[in-house]
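Have a look at the structure below, then the notes.
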């Protein structure tokens, strides 16, 4: 059975097009224009996922999200205004599964919608509170797993430790020595002068294009940086 | 100079009191002296009439004793040759100089006085109690008392007045500092209250104006985005547009419009804040490397920490890189390092460079060099945002012409913002 998506947006013309687009791509879609109508729909246990606009005529999107979360854990993708960073942070803090700034690329919305549905439906993908999320990338230390777009990516144990060390220091340049200090422990010799090799293996697993890495970036003469803002989150 | 108005008003009050006091004292003195002079003449005439000139000593002594008793005075009568011929009470020396001066000595006790009779004999007398007119004793003391009372009573009034003015001033200062919701208390119906009310009114107007300006920009950008979002959606839905240069052109133009809307919104937001809300230590090299990977710009240098807003700094770096790619020529290079204790970011391209005559105008919003065509486009808001963001981090931005051509933009974060 196709997943049902509820679109809550007062821009009726956009909602209609989005609904058509989602239906062309294998979803069932319904659109409402007010938060009140959306909340009623969710209370009836209707949708499998919600696309929620941040600006609604009767209630702001964050308030609507707060009320949804009081009764339901249905996956919610928020549509925000680009450039309003605080909106996004607030959205994630009160339980949006993902967000996308308007105007969006419909294919990207589709991909993210599929990802959050996979995250919610997949048996192994119960969301871990300790998971590190960077846009489409999710690193889950307790289960020692890495997912891109909700799909598991294979890494060896050393590589996973190295990735966690990088991700926990996202936005900081780390020298090879610092990286070795961070992951040292059991497998010290495994990292002996081979950090670069391991990094390129990790890149092959998590980068969209390993030749133009966006997540693990080399800083000439210094070391590596794990990018803080990925997938155009800014 | 806080409270100087208070000091002025209060001192003016005290000074006018002092002037009035001195004037009154002088006036009283003059009048008293005139009265006293009239009185002495009459007194001398009276004494001369009472004492029989050349009479017999016994009746003289009796008269002197009568007078002494009647006026409670010491009286001594001297013959012209200096002999004492009659005494009542204690002996009074016959020193002429006192004669026509004042009735009262400065210690408020009667002075002895001497009257010369027709036959040349002298009468020296000292009243034990004040006598005659001129009873106004010590007008100065009264005036001083009045002055003190007024001075003390005026203090709280003047203090209160200047305190209220001070409260209005502080309110204005807070407001000017950016707390636009500041209002000052309006108490009573005097001029100070009127000033406070006028200020509140003006503050209200300005705040409303700024608020509506902000709301206008926010709403305008939202309104602009709705059709942009629909257009973007429609491009992907429209089957006949599938793949091809025209479709890519439409999508690119939509992205440019969207970026412009965002930049206008960000510029207006930066205009309205005077302080960054969230700052944290940011690794500027890491951040530059991140943007370099995104924009295809080579990044080098050493790790350097800067206190700031990571998203805004990312924006600054990206705008510099995009500016170099758009208006300069590759290769574009970025470098982060320490110079004289400051953290310095350089973004350099190898294009035609910026003419020296352009100066800082390249940082103006929508700057366009003369003779440049419409289609070539201007600089938009990119560099103007760079300057705004740098300013919010206490950093300076300039451009230089490096040896070997091209343009180099330099952002210098001073030691306060840079953390070693």
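No lab work stands behind these numbers, since they all come straight from the coordinates. Just so it is clear, the model here is predicted, and its values are computed rather than measured. Note that we place each Cβ from the backbone using ideal geometry, even for glycine, and neighbour counts take in every protein chain shown.
Structure notes:
- Largest GNM mean-square fluctuation among B:267, B:70, B:293, using chain B with Cα springs under 10 Å: B:70.
- Between the beta carbons of residue B:33 and residue B:155, assuming R0 = 41 Å, the FRET efficiency works out to 0.65 to the nearest 0.05.
- Compared with the dominant principal axis of the Cα atoms in chain B, helix B:139-176 is inclined by about 0°.
- For chain B, the longest principal axis of the Cα atoms and the long axis of helix B:191-237 meet at an angle of about 0 degrees.
- Annotation for residue B:23 and residue B:167: the two label points, set 7 Å from Cα along the Cα-Cβ direction, are 3.6 nm apart.
- For chain B, averaging the sequence separation of C-alpha pairs within contact (under 8 Å, six or more residues apart) and dividing by the residue count gives a relative contact order of 9 percent.
- Counting DSSP beta bridges with both ends in the protein assembly as shown, the antiparallel % (nearest 5): 70 percent
- Part-to-part distance (alpha-carbon centres) for the range A:1-60 and the range B:337-365, which is given in Å: 48 Å
- Per residue, the average separation of C-alpha pairs within less than 8 Å and at least 6 apart gives the range A:15-74 a relative contact order of 30 percent.
- Chain B shape via C-alpha gyration tensor axes, a/c threshold 1.5: prolate
- Contour excess over end-to-end distance, with Cα ends at residue B:205 and residue B:56 and 0.36 nm allotted per residue: 43.3 nm
- Förster radius 56 Å - calculated FRET efficiency between residue B:198 and residue A:72 (Cβ-Cβ, nearest 0.05): 0.55
- Peptide A:208-219 is shielded by partner chain Cβ atoms: per residue, an average of 3 of them sit within 10 Å of its Cβ.
- Order of A:143, B:226, A:157, B:121 under a 10 Å beta carbon neighbour criterion, fewest first: A:157, A:143, B:226, B:121
- Extension gain, residue A:13 back to residue A:44 (0.36 nm per residue minus Cα-Cα distance, nm): 8.6 nm
- With the simple model of a label 7 Å out from the Cα in the direction of the Cβ, residue B:70 to residue A:118 spans 13.6 nm.
- The range B:193-271, relative contact order in percent, only Cα pairs under 8 angstrom and at least six apart counted: 38 percent
- Shielding of B:291-299 by partner chains, average beta-carbon count, 10 Å: 4
- Gyration tensor (alpha-carbon) shape descriptor, the protein assembly as shown, a/c threshold 1.5: prolate
- Using a Gaussian network model of chain B in which every pair of alpha carbons under 10 angstrom is joined by a spring, one finds that among B:309, B:56, B:274 the greatest mean-square fluctuation is at B:56.
- Label-to-label distance for residue A:208 and residue B:212 is 4.4 nm, based on points extended 7 Å past Cα in the beta-carbon direction.
- Between B:289, B:246, B:324, the Gaussian network model of chain B with springs among Cα atoms under 10 angstrom shows the greatest mean-square fluctuation at B:246.
- The long axis of helix B:245-272 is offset from the longest Cα principal axis of chain B by roughly 10 degrees.
- For the range B:166-184 versus the range B:313-336, the inter-centroid distance based on Cα atoms is 42 Å.
- Sites residue B:252 and residue B:280, calculated FRET efficiency, Cβ-Cβ separation with R0 56 Å, nearest 0.05: 0.95
- Cα gyration tensor shape for the range B:193-271, rounded if a/c is under 1.5, else prolate or oblate: prolate
- The helix-only estimate of mean residue ellipticity at 222 nm for chain B, built from DSSP H runs of length n ≥ 4 each weighted as -39500 (n - 2.57), is -18500 deg cm²/dmol after division by the residue total.
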